[in-house]
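Worksheet: the structure to be examined is printed underneath.
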Amino acid sequence: MSRTFVDDEIASQPRTWSEAVQLASTVAGALPAAGERVAFVGCGTSWFVAMAVAVRREELGLGESDAFAASEFPTGRRYDRVVAISRSGTTTEIVELLSQVDGPTTLITAVADSPATAPADDVVVLDFADEQSVVQTRFATSVVAMLRSSFGDDLDGAIADARIALDIDVDALVAVDQCTFLATGWAVGLAYEAALKTREAAQAWAESYPAMDYRHGPISIAQPGRLVWSLGGTPAGLEAEVAATGATFVEHDLDPLARLVVAQRFAVALSKAKGLDPDHPRSLTRSVILA
């Protein structure tokens, strides 16, 4: 299959992460301040982004941080700020939630004039990371890069690792019938996103778990011809346990966000190997808008 939109969008991530880091310093007033109690919300990929950044913020001691699927947000709970993440700014659950929240809200989106901008108190636009593919890649990771930078993380290493991730061979991994993504800490959200990318783009059986919990049942499906892929924080002894099942353990010595880039490329390569169109996954659209 010829080069797709998502190929180019994945390849652009070192650049969009750099732009996201620059943006973080100019929109600091719209982003969570240290000590605030914050809820991050999203749908699909954006929910997994919310998970990752919420955990990272707490790891850095910046304040209590929760993450919710927008449809499951506890409206009776008080937060100092609610941060909604939506690439299109049209997702029904996000628009409705921003209209209902009592308190400061921030929308992070790729589209400046989307419906969700009207009810939001503050809007941060990453239009440079918008995408033509239905499958999200660079918008999601650029949001993570921007927020990590705003939390005080130095993204120079992650950006350098992303360039390395673009050259790692993934074609050798596509001859599999199942893949499980694992991680610990803030990278657990990235593992969930890697599995979603594999399901969306390639219609493939992919699962995801916190790495320590993987031993508590899911390892039972590991066998030859299957992958167990670490996005960060592999517990001691787990690689050997996976090897004993005959499954292939995959791990790259990169920042977790750059490891996600490798997984994105794997999902696209698997899609193409199956003769699918990764830009237009079955039954999916750019945004879910309910009647």
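Hey, what's the stretch 187-236 come to in accessible area per residue, 1.4 Å probe, Å²?
35
Please sort 232-239, 73-80 by packing, taking for each peptide the average over its residues of neighbouring beta carbons within 10 angstrom, highest first.
Final packing ranking: 232-239, 73-80.
Angle between the Cα long axis of helix 138-151 and the longest principal axis of the chain, 0 to 90 degrees, nearest 10?
The answer is roughly 60 degrees.
Ranked by accessible surface with a 1.4 Å probe, highest first, in what order do 7, 213, 122 come?
Output order, biggest surface exposure first: 213, 122, 7.
Starting with the highest mean, order 250-257, 137-144 by the number of other Cβ atoms within 10 Å, averaged over the residues of each peptide.
Answer by packing, highest mean first, reads 137-144, 250-257.
Between the stretch 127-193 and the stretch 234-284, what's the alpha-carbon centroid distance in Å?
Between the Cα centre of the stretch 127-193 and that of the stretch 234-284, the gap is 11 Å.
Under 5 Å between amide H atoms, partner at least 5 residues away or on a different chain: which partners does residue 123 have, H built in plane at 1.01 Å?
Amide H to amide H, under 5 Å and 5 or more residues apart or across chains, residue 123 pairs with 107.
Quote the accessible area belonging to residue 31 in square angstrom, nearest 10, computed with a 1.4 Å probe and with ligands, DNA and RNA left uncounted.
Near enough 10 Å² of accessible area.
How do 149, 71 rank by accessible surface area computed with a 1.4 Å probe, from largest to smallest?
So, going from the largest accessible area down, we get 71, 149.
Kindly write out, for the stretch 21-32 in residue order, the coupling ³J(HN,Hα) from the Karplus curve 6.51 cos²θ - 1.76 cosθ + 1.60 (θ = phi - 60°), rounded to whole Hz, with x marking Gly and Pro.
Result, rounded to whole Hz: 5, 5, 5, 3, 6, 9, 10, 4, x, 8, 9, x.
Which value, in debye to the nearest 20, gives the size of the charge dipole of the stretch 78-200 about its Cα centre, when Lys and Arg are +1 and Asp and Glu are -1 at the Cβ?
180
Taking θ = phi - 60°, what integer Hz values does the Karplus form 6.51 cos²θ - 1.76 cosθ + 1.60 yield along the stretch 5-16, in sequence order, with x for Gly and Pro?
Rounded to whole hertz, the list is 4, 5, 4, 5, 5, 5, 5, 7, 5, x, 6, 5.
Can you tell me the 0 to 90 degree angle between the C-alpha axis of helix 188-202 and the longest principal axis of the chain, rounded to 10?
70
State the three equivalent ellipsoid semi-axes of the stretch 67-219, derived from the C-alpha gyration tensor as the square roots of 5 times its eigenvalues, in descending order and whole Å.
That gives 30, 19, 16 Å for the three semi-axes.
For the stretch 141-283, count the residues as N, evaluate 2.2 N^0.38 Å, and divide the Cα radius of gyration by that value, please.
Normalised Cα radius of gyration, the stretch 141-283: 1.02.
So, for the stretch 1-102, what is the accessible surface per residue at a probe of 1.4 Å, expressed in square angstrom?
I get 41 Å² per residue for this part.
Can you pull the semi-axes for the stretch 81-151, root of five times each eigenvalue of the Cα gyration tensor, sorted largest first, whole Å?
So the equivalent ellipsoid measures 19, 15, 9 Å along its semi-axes.
Taking a quarter of the surface of the convex hull around the Cα atoms of the chain, what do you get in nm²?
Over every viewing direction, the Cα hull of the chain projects on average to 14.6 nm².
Count neighbours as other Cβ atoms within 10 Å of each site's Cβ, and list the trypsin sites (Lys or Arg not before Pro) in the stretch 2-54 that are DSSP loop with at most 13 such neighbours.
The qualifying sites are 3.
Going by amide H atoms built from the backbone, whose H comes under 5 Å of the H on residue 232, apart from near neighbours?
Result for residue 232 returns 184.
Relative to the longest principal axis of the C-alpha atoms of the chain, give the angle of the C-alpha long axis of helix 156-165, reported between 0 and 90° and rounded to the nearest 10°.
Around 40 degrees separate the two axes.
Two decimals, Cα atoms only, Kirkwood Rh: what is Rg/Rh over the stretch 23-99?
That ratio equals 0.95.
How large is ³J(HN,Hα), in whole Hz, for each residue of the stretch 81-88 in order, when computed from phi with the Karplus curve 6.51 cos²θ - 1.76 cosθ + 1.60 and θ = phi - 60°, using x for Gly and Pro?
For the stretch 81-88, the Karplus curve yields 7, 10, 10, 9, 10, 7, 4, 7 Hz.
Tell me the relative contact order for the chain as a rounded percent, counting alpha carbon contacts under 8 Å between residues six or more apart.
RCO, the chain: 21 percent.
The values are calculated or read from the model by the stated rules, or taken from the named source; none is laboratory data. Everything numeric in this text was worked out from a predicted model, so none of it was measured. Heads up, the Cβs are rebuilt from the backbone with ideal geometry, glycines too, and the neighbour counts pull from every protein chain shown. We work out accessible area using only protein heavy atoms, side chains counted, and drop any ligands, DNA or RNA first. Shrake-Rupley method; radii C 1.70, N 1.55, O 1.52, S 1.80 Å.
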